[in-house]
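Each remark here refers to the structure printed beneath this line.
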Amino acid sequence: MSYQDWFRQDRLPHIYCSGCGNGTVINCTLMAVDEIGWKENETVFVSGIGCSSRASGYIVTDSLHTTHGRALPFATGVKLSNPDLNVVVFTGDGDLAAIGGNHFIHACRRNIDLTVICMNNQIYGMTGGQGSPTTPAGALSTTTPYGSSEPAFDLSELAVAAGANYVARWTSYHVKELTRAIGAGMRTPGLSFIETMTQCPTNYGRRNKLRQVTDQVEFMKNHTALRQKLDRMRESGQKVPADVIAIGEFVRRDRPAMGVRR
Amino acid sequence: MQGNIACAEGAIAAGCRFFGGYPITPSTEIAEHMALKLPKVDGVFIQMEDELASMASIIGASWTGMRSMTATSGPGFSLMMENIGFAVMTETPCVVVNIQRGGPSTGQPTMGAQGDMMQCRFGSHGDYSVIALSPASVQEMYELTAKAFNLADEFRVPVFLMSDEIVGHMRERIDIPDQVPIVQRKSLQKGTLPFHPDADLVPGFPRFGEGYGVHVTGLTHDERGYPCATSPGLHEDLVMRLVNKIESARDRIADYSITNPEAETVFVTYGPPARSVEQVVRDLGRDDIGHLRLRVVWPFPESALNLFASAKQFLVPEMNMGQVAREIERHVDQPVIPIPKLGGNLHSPDELKARLEVLR
């Protein structure tokens, strides 16, 4: 079986804009699922509302496309009532960090055996480019026309602090690393959080001097560094530029988890 | 036994094995009892972070085939509204218990009320129909909770047990049957589209994990379950089916009792005011006072009103400002006289008798 067999062919073409990073993340997810050998009828994809959350509908398994911000509590119900199901949550920065922020920290605290994949494009894509809790300070959006005056959330650090067993951040440029991280998350009992920075050329790049898709992918390549490397730089007194994003594995641990297969 | 405990016991007897809830007065004893009892029957109790999450969790659990329930009161009920609409749109069976208290807002947490009857009917956005039951005794807390699960599974709709602080905290002796009747959710026939309705307008249920590969979305969807949100005809057909599957079964869902059908003055009640009216009818010993006591309020069983062929007026004591009285007005030509009561106390029989004197 190939990862392509997991696509719901009769739903294509998808709704994503050309150049969108979400497709890459879906591909990486399905490659990880295929590699692990999960079965279609034992796997459920759950999502909230937003561009990222449409992903569940393009996959052949049972899937639950829910309300804005609430994918995690829906997934909690699915997983706890049938721990034999593998449950993957697709979400985005608006869905997870704004309207669903409370559910996010509590799902991490409970450490429910879910794999949560956040497509963080730093913007509300579906509604036309409004600022989100992960929009970088100074970035332009339709609701931050003079540049965002708020600091952005670091979702991976939040997940670590709240208790998730596995946390990693990569980007849609780092396809191999992302696929490996999703696989590692799926294998780790407890809540696994994989944050992936994704380009949104239509609503983020266009307004932030990253007009070409390749500009934004290039940016993610050049403005990311392994977390460990950044730590070493800080320890040795070197200055880390503010726009460098830490990537890599943030935590892998064995806290007691809920909803693990019996 | 306390009403809230009877509710929890009725749920477990009916096969409820998932409870997601959040503490709120005056419903909390239900969650506490479920926390105590569900683990002993291999069920799942989880205290969620808020009522939005509680409602979401029971919908998720229902898709794995489990009978699931939550319990709350006014402020929590308000928070559940969006996901209640999701359950309606996705035809997810589940039971929501509302132990009503005085509102609006934080209101009177420890006092009974019936102020959420219209919110239960219309509280989420868009057009839809649901089923609401209203118990007037601890015995009915047990029986109607169990019944709610059967109705939820039969019609694939959220079913509301619209109780209140008075019955929830009342203690009475009850009879617990050896077993309660259980009507199982019908499964989707393999080869049938997942949202293709049968003759009763209800599609078979494609449980997660059985290989149906069903996509469930709150977006307007076709019979495959695929989003199709810009077709006017498809949306209209879907919403009308969701309404008609309930409204066309009104008489089958109806559950009421009738006293003195020849009477000219007829009380219509649901929930605790039924007790005061029963006392009045007993005390007066007259057969010109009728009583229609509803155990199902939504869908409204309008044909029951016609059973009082000589009725000249309908009196409707409610612990709100006349929410169901207005519904009755829509169906009859005779005068409908609301007898509203706010503040947490039940109408006393003497109050109702005095009201009858005035009307004479």
Conditions first: (1) buried (at least 24 other Cβ atoms within 10 Å of the Cβ); (2) among the hydroxyl-bearing types (S, T, Y); (3) assigned to a loop (DSSP other than H, G, I, E, B). A:S156 passes all but one, so which condition is the exception? (3)
From the list A:T115, A:T76, A:T61, A:T67, which one is more than 9 Å from every other protein chain (Cβ to nearest Cβ) and either closer than 18 Å to A:Y3 by Cα or modelled with pLDDT of 95 or more (or both)? A:T115
When you go through B:E329, B:E318 one by one, which is the residue that is over 22 Å from B:R282 (Cα atoms), at pLDDT 95 or above and not hydroxyl-bearing (S, T, Y)? B:E329
Go through segment B:25-49 and give me each residue that's in contact with a Pro (Cβ under 9 Å, 6 or more places away or on another chain) and either free of Cβ contacts under 8 Å to residues at least 60 places away in the same chain or hydroxyl-bearing (S, T, Y) (or both). B:T25, B:A31, B:E32, B:F45, B:Q47, B:M48, B:E49
So the strands (runs of 3 or more DSSP E) completely within segment A:165-252 holding 1 or more residues that are more than 25 Å from A:V89 (Cα to Cα), out of contact with any Gly (no Cβ under 7 Å at 6 or more places or on another chain) and not polar (S, T, N, Q) are A:224-226
Name every residue in segment A:26-58 that is facing chain B (nearest Cβ under 8 Å), among the polar types (S, T, N, Q) and either crowded, with 24+ Cβ neighbours inside 10 Å or touching a strand residue (DSSP E or B) at 6+ places or on another chain (Cβ under 6 Å) (or both), in order of residue number. A:S56
Counting only residues that are of a type in the set (K, R) and either more than 15 Å from A:S2 (Cα to Cα) or touching a helix residue (DSSP H, G or I) at 6+ places or on another chain (Cβ under 7 Å) (or both), segment A:22-58 contains a total of 1
Flag for B:A263 being crowded, with 16+ Cβ neighbours inside 10 Å, away from chain A (no Cβ under 14 Å), among the hydrophobic types (A, V, I, L, M, F, W, C) and farther than 30 Å from B:S27 by Cα: yes
Go through segment B:259-296 residue by residue and tally those that are among the β-branched types (V, I, T), under 21 Å from B:V167 (Cα atoms) and in a strand (DSSP E or B). 3
In this structure, does B:A263 turn out to be within 19 Å of B:M321 (Cα to Cα) and aliphatic (A, V, I, L, M)? no
Name the pairs whose Cβ atoms lie under 8 Å apart, with the first residue in segment A:243-259 and under 10 Å from A:P189 (Cβ atoms), the second assigned to a strand (DSSP E or B), and 6 or more positions between them or separate chains? A:A257/A:I112; A:M258/A:I112; A:G259/A:I112
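The values are calculated or read from the model by the stated rules, or taken from the named source; none is laboratory data. Predicted model only: the values in this text are computed from it and were never measured. Glycine also receives a Cβ, built like all others from the backbone with ideal geometry; neighbour counts cover every protein chain displayed.
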